[in-house]
Structures are given as structure tokens and as C-alpha cells.
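The values are calculated or read from the model by the stated rules, or taken from the named source; none is laboratory data. Predicted model, so just to flag it, every value in this text is computed and none were measured. Every residue, glycine among them, receives a Cβ derived from its backbone with ideal geometry; neighbour counts consider all protein chains shown. Note: areas computed on protein heavy atoms with side chains; ligands, DNA, RNA excluded. Shrake-Rupley method; radii C 1.70, N 1.55, O 1.52, S 1.80 Å.
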Amino acid sequence: MTEHRPDSKAFSVSELNRQVKSLLESSFLTIHVEGELSNVVRPSSGHWYFTLKDSDAQVRCAMFRNRNQYLKYQPKNGDQVIVRAKVSLYPGRGDYQLICDFMEDSGVGSLQKAYDELKYKLQQQGLFDPAFKKPIPETPRHLGIITSATGAAVHDILTVLKRRFPSLPVTLFPTAVQGTEAAGQIANAIRLANEDGRCDVLIVGRGGGSLEDLWPFNEEIVAQSIFHSEIPIISAVGHEVDVSIADFVADLRAPTPSAAAELISPDQQQILIRLNQLQQRLERAWHRSQTQRLQKLEWTRAMLRHPGDKLKEQAQKLDDLELRMQRAVKTSVLQQKVRLNGVQQRYLRCAPAPRIDTAIQRTTELEKRLHTLIQSILKQNSLRLSGMAATLNSVSPLATLDRGYAIVQDQQGKVVQDITLLSPEDSVETRLSNGRFVSRVTKIIKD
């Protein structure tokens, strides 16, 4: 017995479960497990919970809604199934469990295993390599269809072609698409189409079905025939969710036969629109070319003139030159005259006598203007002096005295303007316009 030491760290249950869960998930990759279903539970969340068991053991399983909603198979208690799952642990109970992402009846399990093995084998051989994919022609000249003559696939393809591109020639290479002999017939039909040589693209496929129904397209003989075909092949097997080995090998995968017909058939409406556009462009180009040719013809015709017309044109040009020469001579003579007159005028302006006469005349004029200006200034000053005298006289105290007023001064000679400045017995001097007199104040009377 080992003694517990206080310094050793103990795991909590939650931490232990988390580490065990991580260990399980990292130790096991995706695995396939076969067993019998029991305790199947489907709660409202959409998830599935069940037990997978055999005669000696059992394991809890969960399949979440985001995975089980794609299953065509609906499990029930007692079914023998194969699940694809990852090993995990549910920490809440400490139970290890399988998290499933796929489930099928165990009868299909062997087919799925064969499918996975062949897919891996062919992938290692390079049959899926995009480098070997052949280009699909944009506008096929002849279409080959490899499918059942009575199946829905050929009907769907022809319906689409009738709507989109009815002029496309089609050759059907009928073959079985279900059963043990179907794979050999499909491979033989691909060989016959290549030997025929008329088709430049092939559609190989069929309508939907179970994995067993689609199995001929998962056979190696079909995959090898598709890979070695000289003609590009479109694989159209089942519905969109169905993926076969033929889809990986083919040069192009279509989700359905109808979609394959859509991919290789140009829309006739678009072609008609394009043809109309090209026709309009051709008509515009033709009209433009014709217009340019007519213009060039008219220009050439204009260049081809009668010799008489050329002589008349040269005569007219000669007359025009003669007139231009005469005008040039006249203009030159006139310019020389103008220059001579200018020289004469400059000579006259430079002679002394005219300049003296002009100076005397200007001096006389200036003398007259000076006399006139002096008279004007004297008159203006006289008028100004008279105005100033009148103004001075109007404000003079003598003028006030002439109107009957008097100026009273005290003994110091100051003008008395206020009666309160005088007292009885004061001597005052009164000045009138023509003299003055001295008097004594006997009585003060205030207004």
C-alpha cells in the first residue's frame, strides 16, 4: 500500500474525464463499427442516442442532428448497422461513447468497404489527377449518351436538349445500368463510342437509386474505360448527393443527367440573340464600307477633271495674280508717298524760323494769361477783403453801440455783465456810440 503524500496533486473528476476524453479522441481516428441497434431515442432536439451491441458487449452512441438529417436510412431497434464514428467520452457520466457521422444497414457495409478500397487504389494510380482531365467542348458537334434506352436519364437529357439546343445530333449507346452485367456493358459502350468517332463528348450515367443500384458505376472496369477514353466524358450518376467512382475519374461531374445536358448544350435563345447582334454588326459594317467606297468614288471623280476646265482655272489664277500685283504696286507707291510726307513734316518741324515764331506766339499767349490771372487774383482778394470787413463790422461792439446799446465798466475797466457785481455808491463808466460818461450807482433794482 502506497502512502498518500500531502504535497502530491490529486485529479478532480472533471479534469480526469477531460483528459481521458482527449486521450480517446487523439488515439482513435475515424473507425467503422458494426452491431445491433437498441435503446434508440430521438428527442425533440433532433439528435439520436442509441446503443450498439453484439452478443458480448455494448457501447453508447450519439448521432447529432447536423449528421443524421442527411441519412436516407431510418434506424430502429434490432437493426444490424455499420456506423462511421469517432471514439469520445461523455464527461457528465464518465461513459465512453461513439460520436457517429454516418450509418447504414450492414448489408451495404461490404459495398461501402469495397467502394473505399477501390477509390483509394485508383487515387494512388492517378486516375483522379486533374492533369489528365480533358476539356469539354463549349459547343459540341455530336453528343453520345451511354445509359439505358428505357430509363429516365435519356428522357431527361433529350428534354433539356430539345429546349436548349435541338439541332445538336445525338447518338444513344444503350446499355444496362443496373445488375451484375451492367459494368461490362458500360465499358463496352464507351469503347464503341470511341471507335465510332462521331461524338466529341459523351454523357455516361443514370437516374437515382440505392447504392446497390448505382454500383456498376463503382466498378474498376468502368473507371478504367472512362480514364482511357479519347472522347471527353461527363459523369451523371444518380442525384446530387450520390457520388460514384465514375464521378472522380470523369473529365467533368454533373449532379444529375439533366444538369449534364445543361452543361454541354448552349442555350439556343442566347445563340439567336448573338446571331442577331452579329447580323446587325455585319449590316452596319457593310453600310459603312459602302458609304466609304462611294465617298472615295466621288473624290476620285472630282479629281478626274477636263483639260479645258484646268486651262480656265489656270487663266483665272493668272488674272488673279495680275490684279494682286497691280494692287501691290499701288500700295507700295502710296506707302512711299506717305513716308515722303512724313520726312517733309519732320524737316519743317526741325527748321529754326517756325520754332522762333512759335516761341514768340507762345510767350505772347503766356503774357496775356499771366495778366488775366493777376487781375483775377486781385479781384478775388478785394472781394475777400470786403467780406472780411463786413464780417468784422458785424461783430464789432461799436456797431452794437450804434444801435442804441451802451457798455458799462467798473472802476477797474471791466465790463459789468451782472447787476450783482455792483453796489450803491459805486462809480461806473458808460460808453455810447459817440462818447462816454461817468456816473454813481444810487439804487440796485433786480429783474
Q) For labels at Asp418 and Glu181 in the simple 7 Å Cα→Cβ model, what's the distance in nm? A) 15.8 nm
Q. Could you give the alpha-carbon Rg of segment 227-375 over 2.2 N^0.38 Å, rounded to two decimals?
A. 3.38
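Test of understanding: what is the full-extension gain from His142 to Gln125, defined as 0.36 nm times their sequence separation minus their Cα-Cα distance? If you can, show how the numbers build up before the last one.
Values: separation 17, 0.36 × 17 = 6.12 nm, distance 3.12 nm.
3.0 nm is the gain from fully extending His142 to Gln125.
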Q. Taking Cα atoms, how many degrees apart are the long axis of helix 352-395 and the longest axis of the chain, rounded to 10 and kept between 0 and 90?
A. 80 degrees
Q.
List the lysines whose Cα sits under 28 Å from the Cα of Lys9, skipping any in the same chain fewer than 8 residues away.
A. Lys21
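Relative to the present Cα-Cα distance, how much length would full extension add between Ala302 and Thr364 at 0.36 nm per residue of separation? Mind dumping the intermediate values first?
Values: separation 62, 0.36 × 62 = 22.32 nm, distance 8.01 nm.
Taking 0.36 nm per residue and subtracting the Cα distance, the gain is 14.3 nm.
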Q. How much of the DSSP beta bridge set in the chain is antiparallel, as a percent to the nearest 5?
A. 65 percent
(Q) At 1.4 Å probe size, what's the solvent-accessible area of Ile445? Round to the nearest 10 Å². (A) 120 Å²
Q) Expressed as an acute angle from 0 to 90° and rounded to the nearest 10, what is the orientation of the C-alpha long axis of helix 106-125 relative to the principal long axis of the chain? A) 60 degrees
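Heavy atoms only, probe 1.4 angstrom, no DNA, RNA or ligands counted: give me Arg84, Arg355, Arg60 ranked by accessible area, highest first. Walk me through the intermediate numbers first.
On the way: Arg84 70, Arg355 155, Arg60 120 Å².
The most accessible residue leads, giving Arg355, Arg60, Arg84.
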Q | Rounded to the nearest 20 debye, dipole of the chain from Cβ charges on Lys, Arg, Asp, Glu | A | 4960 debye
Q) Candidates [x] 1.17; [y] 1.75; [z] 0.98; which is the computed Rg/Rh (Cα atoms, Kirkwood Rh)? A) [y]
Q. Any idea which of Pro174, Val241, Ser386 is furthest toward the positive side of the dipole for the chain, if Lys and Arg beta-carbons carry +1 and Asp and Glu beta-carbons -1?
A. Ser386
Q. What distance in nm separates the simple spin-label points at Val329 and Val438, each placed 7 Å from Cα in the Cβ direction?
A. 12.0 nm
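Strictly over 30 Å apart at the Cα level, which of Lys72/Lys133; Lys86/Lys134; Lys133/Lys162 would you flag in this model?
Values: Lys72/Lys133 32 Å; Lys86/Lys134 39 Å; Lys133/Lys162 28 Å.
Listed pairs above 30 Å: Lys72/Lys133; Lys86/Lys134.
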Q. Per-residue ellipticity at 222 nm for the chain, helices alone: DSSP H runs ≥ 4 residues times -39500 (n - 2.57), over residue total, nearest 500 deg cm²/dmol?
A. -16500 deg cm²/dmol
Q) To the nearest 0.05, how large is the calculated FRET efficiency for Ser167 and Ala259 if R₀ is 22 Å and r is the Cβ-Cβ distance? A) 0.60
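Within the chain, what is the longest stretch that has no GluC sites (Glu not before Pro) placed in a DSSP loop and near at most 12 other beta-carbon atoms within 10 Å? Before the final figure, lay out the partial values.
Numbers: sites that count: Glu3, Glu138, Glu181, Glu212, Glu230, Glu240, Glu425.
The segment 241-424 is the longest one with no such site.
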Q: Extending each Cα 7 Å along its Cβ direction at Leu294 and Glu313, get the distance between those two points in nm, one decimal.
A: 2.5 nm
(Q) Need one value: the accessible area of Leu263 in square angstrom, 1.4 angstrom probe, rounded to the nearest 10. (A) 100 Å²
Q) Any idea what angle helix 152-164 forms with the longest principal axis of the chain, computed on alpha-carbon atoms, 0 to 90 degrees, nearest 10? A) 30 degrees
Q) In Å, what Rg and Dmax follow from the Cα atoms of segment 61-137? A) 17.8, 60
